[in-house]
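Colleague: Once you've had a glance at the structure underneath, I'll fire off some questions.
Please treat every number below as a calculation from the coordinates, not as lab data. Here the structure is a predicted model, which is why all the values come from computation and not from measurement. Note that each Cβ is placed from the backbone with ideal geometry, even for glycine, and that neighbours are counted across all protein chains shown.
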Amino acid sequence: MERIHVSVRSKPLSPEDAKSSPWRISGNSIFIPNQPAKFEFDRIFGNECHTLEIYEARTKNIVSAAVQGFNGTVFAYGQTSSGKTHTMRGSITEPGVIPMSVQDLFNFIEKEVDREFLVRMSYMEIYNEEINDLLVPEHRKLQIHESIERGIFVAGLREEIVASPDQVLELMDFGESHRHIGETNMNLYSSRSHTIFRMIIESREKAEDTKTDNSCDAVRVSVLNLVDLAGSERAAKTGAEGVRLKEGSHINKSLMTLGTVIKKLSEGAESQGGHVPYRDSKLTRILQPALGGNANTAIICNITLAQVNYLSLINL
């Protein structure tokens, strides 16, 4: 399906892991020499690539389309400690997909001289299948509703009107400080929740005469979702037990549902009247309007080719 694009980002290996890794990358394929298994993707980014290259390859087009009125979603997917949050958030020296998207969003808006825009943002997490508002930490266990006027929405979720990239990123930093993280054997600061960073873009044509009532002018609304998924994991590798084991169970279940939904969409089930199980997970239910129909979707699969992760890549 042309509107779903899957790329892979390989995490840099230590010198020791580089010597022992059985995996090889050739073009857009990953394989083990002399083995029949071979994995093909739309695009593979090797160990030396920078996040800007990944962003330019696919995400930038989705941001541009969102300004034009098309819904879009970008996922960072992968096992625990594979670099998802680095890809989405980045660092001081290497901005991630979210900061670059925010900057370009306002740049694209500035070029639309014939339209006026209103931009809002929200930031939520899904932790143990409960929705929490990261901008208003006391707003917890929010519910999903659907109406004719608003479609699918999270009741009680704060949406802040924003006017600049700096304002957006300041709010994002505030929200990130309230995200659920925890220690596992694989990662000292493992993300234990999915986060959905959402930009809602409304626009309409500028009235030539400011005194003219322009109330009948159609308003164009689109949603851009930038999603940092919690890492898929195996309890045996992470050493999860108790609370961590419960978190991992919810994470894996929602990721399995997401995989099923993406597979159904890529096979054209929705356009053919088939069932797509959006309701099986709060993650896919919230993102339903920005996954199906004419929405654009990019999935960035973060992986590591270390020997110890052989089975993890097999199950990707």
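Colleague: Using amide H atoms built in the peptide plane, which far-off residues or other-chain residues are under 5 Å from H139 H to H?
Modeller: Close amide H contacts, sequence-distant or interchain: D133.
Colleague: Also, I was wondering about something else. Can you give the local net charge around I201? Use residues other than it whose beta-carbon is closer than 9 angstrom to its beta-carbon, Lys and Arg +1, Asp and Glu -1.
Modeller: Its environment carries a net charge of +1.
Colleague: For K60, give me every one of the lysines with a C-alpha distance below 26 angstrom, ignoring sequence neighbours fewer than eight places off in its own chain.
Modeller: Answer for K60, where 26 Å is the Cα cut-off: K11, K84, K111, K206, K263, K264, listed by chain and number.
Colleague: Where does each of 268-275, 193-200, 25-32 land if you order them by average Cβ count within 10 Å, highest first?
Modeller: Order by mean packing, descending: 193-200, 25-32, 268-275.
Colleague: Viscosity 1.306 mPa s, temperature 10 °C: what is the translational diffusion coefficient of segment 81-201 from Stokes-Einstein with a Kirkwood Rh over Cα pairs, rounded to a whole number of µm²/s?
Modeller: Approximately 101 µm²/s, per Stokes-Einstein.
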